[in-house]
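Here the structure comes first, spelled out in structure tokens, and everything after it is commentary.
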Number of protein chains: 2
Amino acid sequence: MPNAVVLLSGGLDSATVLAMARQQGYACHALSIDYGQRHRAELDAAANVARALGAAGHKTVSIDLTAFGGSALTDAAIAVPTGGVQKQGIPITYVPARNTIMLSLALAWAEVLGAQHLFFGANAVDYSGYPDCRPEYMRAFERLANLATKAGVEGRRLSLHTPIIAMSKAQIIELGLKLGVDYGLTVSCYQADAAGRACGVCDSCRLRRAGFEAAGVADQTRYFSAPA
Amino acid sequence: MPNAVVLLSGGLDSATVLAMARQQGYACHALSIDYGQRHRAELDAAANVARALGAAGHKTVSIDLTAFGGSALTDAAIAVPTGGVQKQGIPITYVPARNTIMLSLALAWAEVLGAQHLFFGANAVDYSGYPDCRPEYMRAFERLANLATKAGVEGRRLSLHTPIIAMSKAQIIELGLKLGVDYGLTVSCYQADAAGRACGVCDSCRLRRAGFEAAGVADQTRYFSAPA
């Protein structure tokens, strides 16, 4: 069974990607990054999801991005927007260079494991405002990965898989349910409370709820206030 | 004065690059990464070097790469080679994806500062065995950086400067001395003791000492044993 490193945030998207990678026959080494995010409950969710979906291993690595700030997710002084999903420009929930940092860490683990496959649950449909969720960014990272590593130099080519990058939230949910993902375990909310309950009004909650509605399935999310 | 983020390990190369960036008129924000390296004394050296060379700021960010291991620098069970500089292949002191991780963190800080310049003291002459020290890797990272960030998307182009990548150690030392670098403050040894004294026999010590000899200047390094 080939080894893969799967970035697992604890949210809906990455849980689905883990299920897809498992179904494709990979031994999945799930990697979660504690970067000082406001919604720390997603890290507990990641551990539960990794266990439920049969990951071969799970690590959580800490890197304190609050040292730089610059995002509503890493600076307590910047509020998470709750007024409706932003249609244009780059949202304040964008964390500078976060995906590059997370993919770099996945690459490090892959190199040590001898894994040639990275799985990443980026989605360019609902979050087109994040520059590091675009397909051209993913291709550039894959190219870099092959120049950066012993594996690349020695001809053991690394592949970056982003299987849900072009799917709608409803398509992701439909696929995940077929693969047995328990979305009740996942936490997507940008300001989830310590128990993992969601606000219902941040962009992430709104997109997630709309996805359940469009898929025509019950929203298993636990909310700490009634959804707006 | 334009802002720059300068990766500063505390060693000879990055100290020289900081001096070069200062001389070129940049306000230098020095970034050191505590990645669990064996030679932790280099982090104290970095703070001293940042102060001595007039950095506008200095941060040390922690990321525990011992969680992955796979290198003599991040796994206490793998010894640092001391028998002479390896001529072929990738040395065991290579830390998987380290430069990608460090550059990603520099990119995060640059994005928050609004800095369009990254300086990195990679050298491809003495360390041709490290895949992530090659010029083609640097070009691929620069390209990625411009796809990854708000700055790149909005047309504020990011540049990755690697001014010593093609210099010999002797050339680096000669230039640094002209720019007033106090190499006595720097720590290059892979197994420096807590006081920053060097072993004299690891690859890094051997290359550094040979550099001082070739430059015809006194080696200011403090050793804990007489050099071999």
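Values computed for the structure shown
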quantity	calculated
Of all residues making up region B:54-108, the number that are touching a residue at least 60 places away in the same chain (Cβ under 8 Å) and of a type in the set (S, T, N, Q)	3
Any hit, region B:76-99, residues being touching a strand residue (DSSP E or B) at 6+ places or on another chain (Cβ under 7 Å) and facing another protein chain (nearest Cβ under 10 Å)	no
Search result, residues across region B:131-144 that are in a helix (DSSP H, G or I) and within 8 Å of another protein chain (Cβ to nearest Cβ)	B:Pro131, B:Asp132, B:Glu136, B:Tyr137, B:Ala140, B:Phe141, B:Arg143, B:Leu144
Pairs, first closer than 21 Å to A:Ile92 by Cβ in region A:176-199, second aliphatic (A, V, I, L, M) and in a loop (DSSP other than H, G, I, E, B), C-beta under 6 Å, six or more apart	A:Tyr190/A:Val80; A:Gln191/A:Val80; A:Ala198/A:Ala192
Yes/no for A:Met138 being surrounded by 20 or more Cβ atoms within 10 Å (Cβ to Cβ), under 20 Å from A:Ala15 (Cβ atoms) and without any contact (Cβ under 8 Å) to a residue 40 or more places away in the chain	yes
Residues (within 7 Å of chain A (Cβ to nearest Cβ) and either farther than 20 Å from A:Lys59 by Cα or among the aromatic types (Phe, Trp, Tyr) (or both)) located in region B:53-62	B:Lys59
Candidates B:Leu105, B:Leu8, B:Leu43, B:Leu65 - the one that is more than 9 Å from chain A (Cβ to nearest Cβ) and in contact with a Leu (Cβ under 9 Å, 6 or more places away or on another chain)	B:Leu8
Any hit, region B:122-130, residues being surrounded by fewer than 18 Cβ atoms within 10 Å (Cβ to Cβ) and acidic (Asp, Glu)	no
Check on B:Ile78, in a loop (DSSP other than H, G, I, E, B), over 24 Å from B:Leu8 (Cβ atoms) and within 18 Å of the chain's Cα centre (by Cα)	no
Check on B:Glu154, charged (D, E, K, R), more than 24 Å from B:Ile33 (Cα to Cα) and at pLDDT below 95	yes
Flag for A:Gly121 being in contact with an Asp or Glu (Cβ under 6 Å, 6 or more places away or on another chain), more than 7 Å from chain B (Cβ to nearest Cβ) and farther than 23 Å from B:Gln116 by Cβ	yes
Region B:26-58: number of residues that are farther than 15 Å from B:Ala115 by Cα and not in a helix (DSSP H, G or I)	11
Members of region A:94-140 that are under 25 Å from A:Ala55 (Cβ atoms), among the aromatic types (Phe, Trp, Tyr) and under 16 Å from the mean Cα position of the chain (by Cα)	A:Phe119, A:Phe120, A:Tyr127
For A:Thr66: the one exception among (1) part of a helix (DSSP H, G or I); (2) at pLDDT 95 or above; (3) surrounded by fewer than 24 Cβ atoms within 10 Å (Cβ to Cβ)	(2)
Complete set of residues in region B:88-110 that are β-branched (Val, Ile, Thr) and closer than 11 Å to B:Tyr35 by Cβ	B:Val95, B:Ile101
Any hit, region B:160-177, residues being buried (at least 19 other Cβ atoms within 10 Å of the Cβ), within 14 Å of chain A (Cβ to nearest Cβ) and in a helix (DSSP H, G or I)	no
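The values are calculated or read from the model by the stated rules, or taken from the named source; none is laboratory data. Predicted model only: the values in this text are computed from it and were never measured. Positions of Cβ are generated from backbone atoms using ideal geometry, with glycine treated the same way; all protein chains shown enter the neighbour counts.
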